[in-house]
Amino acid sequence: MLPSMIPARIIEEKRDGRTLEPSALAAFLEGYFRGEVPDYQMAAFLMAAYLRGLDDGETDVLVRCMLESGSTLDLSHLPGPRVDKHSTGGIGDKVSLVLAPLAAELGLFVPMIAGRGLAHTGGTLDKLEAIPGFRTDLSVTRFKEVVRRVGCAIMGQTQEIAPLDRRLYAMRDVTGTVSSIPLIAASIMSKKLAEGLTGLLLDVKVGSGAFMPEEERAQELAEKMVAIGRARGLPTVALLTAMDRPLGVAVGNGLETEEAIECLRGQGPADLREIVLAEAAEMLRLGNPGLAAPDALRRADAALGSGEPLERFRRLIEAQGGDGSIVDRPERLRTAAVRAEVRAEAGGTVLEVAPRPLGEAMIALGGGRTMMHQPIDPGVGFEVRVRPGDAIGRGGLLGVVHAKDEAGLQLGAATLRSVVRMGAAGDVVVRRPLLGRRVPPTESPAES
Ligand code: URA
């Protein structure tokens, strides 16, 4: 241990709002990784960092230590651009499942390292694991092989990829220290920088279901991550997208995978499709600097309509050990024992569909975790059939609850009724635009 690095002093310095010496912070983080600093001191440090913040220099040290705790994938042999996207997390966000095969269809290689549900938000790995046989615990060698053969692969973080982040992420999840701009930025960027990419798109969620509900904080997070990527030579773009209501209709692991397959068939909810196409176009431009935005969008639209990305999704599933025939009969993912419709007790205009309580109810229904490594039920969840602005009559369908028993149905029905806030007929609803700001606002020299 360096003489300047006494863990309790580091915690005190941060607690009192001082900026840490880079070498002392690095020694503290490395000491934790080697097992020389105990969990309780790291938990105290994370809370101090959460409350006091980390400046750019400190955040950079955190990114570097996380990145260097593992290895970086070398995918330079692949004959095309390597572009990934990462979302900061939301409710009903199944975009990655559609985007990975679509982007691969557009000629990009997508080596996606994804996460599990965190706090009230869902995770891509849990959604994919709803498919019988699907493995997300690939070795790095197998992962690289699937990316080369299929054009995309999706796996979880391994011991080889930013393992320090993996440990800190799990600790933040249970210590109330998730929604911190520098901690989220460093966590996401350390994983993405380890993927050996040539371009990165970030989907930064904003609204009551996001970790950063306010626009200014979401914008700050987006700017911080874009700056980290670019400082390390990775062309990075962020899009702010709405999370003041669930995305799409389905909320729940199996239900969301089914909806992603519908979208790959050219069907499914319009909001999901709009986000998928906008993000595919951004990824395409990151891989092909100079391509005009309308051309990129046209190509993404044509590719999604061709049916080829669905076939690529089948290949991805099969390459990762899953049952590819699920793309022909995705309704097999509806495995909940019981389901029930929930109807409006009074008519009017839907003012709000609050996403966060739906995410929290998912955990209570058994579709999310209260403890690390807890098994989850992929069948449970919600179909949310109303959007803010809809006019519905008394007895109109609010949604469908999928549960494992009668108690779950009751809980789900009460949740659905409480998240849909009704106003009078004719009330005007102001909702956040689905696609918000881009960071940077327009192309900058660093993108090309
Ligand atoms: N996703 C991550 O990978 N890390 C965070 O801290 C939050 C969302």
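The values are calculated or read from the model by the stated rules, or taken from the named source; none is laboratory data. Computed from a predicted model, the values in this text were never measured in an experiment. No Cβ is skipped: glycine too gets one built from the backbone with ideal geometry, and neighbour counts run over all protein chains shown. Only protein heavy atoms, including side chains, enter the accessible area calculation; ligands, DNA and RNA are left aside. Shrake-Rupley method; radii C 1.70, N 1.55, O 1.52, S 1.80 Å.
Overview of values
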{"read-out": "Failed item, numbered, when R232 is tested on (1) at negative phi; (2) open to solvent by less than 20 Å² (accessible area, probe 1.4 Å)", "value": "(2)"}
{"read-out": "Boolean, E262 is of a type in the set (D, E), open to solvent by 10 Å² or more (accessible area, probe 1.4 Å), closer than 18 Å to S96 by Cβ and touching a Leu at 6+ places or on another chain (Cβ under 6 Å)", "value": "no"}
{"read-out": "Residues satisfying the stated conditions in region 192-223, i.e. open to solvent by 10 Å² or more (accessible area, probe 1.4 Å), within 20 Å of P81 (Cβ to Cβ) and either polar (S, T, N, Q) or in contact with a His (Cβ under 8 Å, 6 or more places away or on another chain) (or both)", "value": "T198"}
{"read-out": "Per-region count, region 358-416, residues touching a residue at least 40 places away in the same chain (Cβ under 8 Å) and either of a type in the set (S, T, N, Q) or assigned to a strand (DSSP E or B) (or both)", "value": "14"}
{"read-out": "Failed item, numbered, when R369 is tested on (1) at pLDDT below 95; (2) over 27 Å from E129 (Cβ atoms)", "value": "(2)"}
{"read-out": "Where K85 falls short, out of the listed (1) open to solvent by less than 10 Å² (accessible area, probe 1.4 Å); (2) of a type in the set (K, R); (3) modelled with pLDDT under 95", "value": "(3)"}
{"read-out": "Restricting region 90-119 to residues that are open to solvent by less than 10 Å² (accessible area, probe 1.4 Å) and assigned to a loop (DSSP other than H, G, I, E, B), the residue that is nearest to the ligand (Cβ to nearest atom)", "value": "G90"}
{"read-out": "Failed item, numbered, when G57 is tested on (1) touching a Pro at 6+ places or on another chain (Cβ under 8 Å); (2) open to solvent by less than 40 Å² (accessible area, probe 1.4 Å); (3) more than 21 Å from I161 (Cα to Cα)", "value": "(2)"}
{"read-out": "Residue list for region 120-149, filter: assigned to a loop (DSSP other than H, G, I, E, B), open to solvent by 10 Å² or more (accessible area, probe 1.4 Å) and of a type in the set (A, V, I, L, M, F, W, C)", "value": "A130, F134, L138"}
{"read-out": "Residue count, region 287-301 (criterion: farther than 16 Å from I275 by Cβ and open to solvent by 70 Å² or more (accessible area, probe 1.4 Å))", "value": "5"}
{"read-out": "Answer residue from region 60-82, given it is touching an Asp or Glu at 6+ places or on another chain (Cβ under 8 Å) and either assigned to a helix (DSSP H, G or I) or among the small types (G, A, S) (or both) and is surrounded by the fewest Cβ atoms within 10 Å (Cβ to Cβ) among those", "value": "S71"}
{"read-out": "Qualifying positions in region 158-171 - buried (at least 24 other Cβ atoms within 10 Å of the Cβ) and within 11 Å of the ligand (Cβ to nearest atom)", "value": "A162, D165, L168"}
{"read-out": "Whichever residue in region 235-259 is acidic (D, E) and either under 20 Å from D390 (Cα atoms) or touching a strand residue (DSSP E or B) at 6+ places or on another chain (Cβ under 6 Å) (or both) and, among such residues, is most open to solvent (accessible area, probe 1.4 Å)", "value": "D244"}
